[in-house]
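Written below as structure tokens is the structure these notes are about.
The values are calculated or read from the model by the stated rules, or taken from the named source; none is laboratory data. Note that the coordinates shown come from a computational prediction; the quantities given were computed from them, not determined experimentally. Glycine gets a Cβ as well: all are built from the backbone with ideal geometry, and neighbour counts include every protein chain shown. Just the protein is used for accessible areas: all its heavy atoms, side chains included, with ligands, DNA and RNA removed. Shrake-Rupley method; radii C 1.70, N 1.55, O 1.52, S 1.80 Å.
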Amino acid sequence: MSEGRPLPGATTPSVIVEAVGRKCPIPIIWVAQRLHEVPIGGVIAVTADDPAAKADIPAWCRMKMHEFVAEVPLARGSAFHIRRMY
């Protein structure tokens with residue numbers, strides 16, 4: 001897991017869920033609803049600026065057994081990259 005930079009071999013997200021301005025758990029709910037749009041092994045990103053997202057999104061990944069790839073800082077908030085594992 002890498003914070004602030006993609007891991008070697010990480011791919012560009014095929015889906016980006018825009019959740020800046022929304023409070024948790026909305027970013028997690030939205031990414032869970034759209035995860036099926038990404039092929040297994042693919043990457044989805046969710047943008048969020050709620051400080052709780054820094055802990056909540058990696059925790060959700062662990063709980064759901066998906067790989068938290070990276071947190072990429074943005075001008076407002078971050079993009080959290082998640083690899084779909086199943």
Work out the FRET efficiency for LYS23 and ARG76 from their Cβ-Cβ distance, taking R0 = 25 Å, and round it to the nearest 0.05.
0.95
Carbon and sulfur atoms: what percent of the 1.4 Å accessible area of the chain do they account for?
59 percent
So, for the chain, what is the accessible surface per residue at a probe of 1.4 Å, expressed in square angstrom?
56 Å²
What number comes out for the charge environment of ALA52, summing +1 per Lys or Arg and -1 per Asp or Glu over other residues with Cβ under 14 Å away?
-1
FRET efficiency, 1/(1 + (r/R0)^6) with R0 22 Å, evaluated for ALA52 and THR11 via beta carbons
0.25
Between MET85 and ARG62, what is the spin-label point distance in nm, taking each point 7 Å from the Cα along the Cα→C-beta axis?
1.2 nm
For the chain, take N as its residue count and report Rg(C-alpha) divided by 2.2 N^0.38 Å.
0.94
